[in-house]
Amino acid sequence: MTSNYDYIEMRFPAAPEYVGLVRLTLSGVFNRAGASYEDIEDSKIAVSEAVTNAVKHAYSENVDGEILIGYLVYEDKIEIIVSDSGKSFNYEEAKKVLGPYQESDNINFLRQGGLGLFLIESLMDEVNVQKDAGVTISMTKYLSKEQVQTNDGRVQSL
C-alpha cells in the first residue's frame, strides 16, 4: 500500500542555534515540492516562529528538550507539525486529536506574548493546535507552483 504523501521527520535539540537549520530544511522540502517563493518565505517565517517559541519556552533551563518537526508533502500542499514534547509521534494519530484554533481560545498556552500564533495563522492556510504536556502545532500551506510565461505567451507551471 503506498501513501499519497512523503513524510520527512526532523528531531533536534531545543536550542536557538538549530532554528537556521530548520529554515534551510524547510526551504529544501518546499523547493523540491515546487512551491512558489512566496509560499516558501511565508512558511519559513511561520515555522521559525513556532520553533523559536518552543526553544524559548517549552523546557526549563535545567531540562534538555527536543523539538520534532514532521513534513507531509502532498501534491498540492505541505503539512508541517512542530512538537515541543520531545516524544516521537505517529502523525496520523496526532492529526486525529489536533483541533482548530478558535479566536476565543486563551493564547497564553503559547507562552509569553502569544502573538506568534496570530502571525502563524496569517501566513499559513490552516493551523491546528494541540495542548498536552507540550504544544503541537500543525500548519498547512497549499502550494501555488512557480509559473513562467513561455515564448508563445502560455503560462506553464514548473
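Laboratory data are not the source of any read-out in this text; all were calculated from the coordinates shown. Because the structure is a prediction, the values reported are computed rather than measured. Positions of Cβ are backbone-derived with ideal geometry, glycine not excepted, and every protein chain shown enters the neighbour counts.
Quick rundown of the values:
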{"read-out": "Vicinal HN-Hα couplings computed from phi for segment 16-25 (Karplus, 6.51 cos²θ - 1.76 cosθ + 1.60; Hz; Gly/Pro x)", "value": "x, 5, 9, 4, x, 5, 4, 4, 5, 4"}
{"read-out": "Burial order of peptide ranges 131-143, 45-57, 23-35, 3-15 (average beta-carbon count within 10 Å, highest first)", "value": "45-57, 131-143, 23-35, 3-15"}
{"read-out": "Length added when fully stretched, ASP64-ALA15, from 0.36 nm per residue minus Cα-Cα", "value": "16.7 nm"}
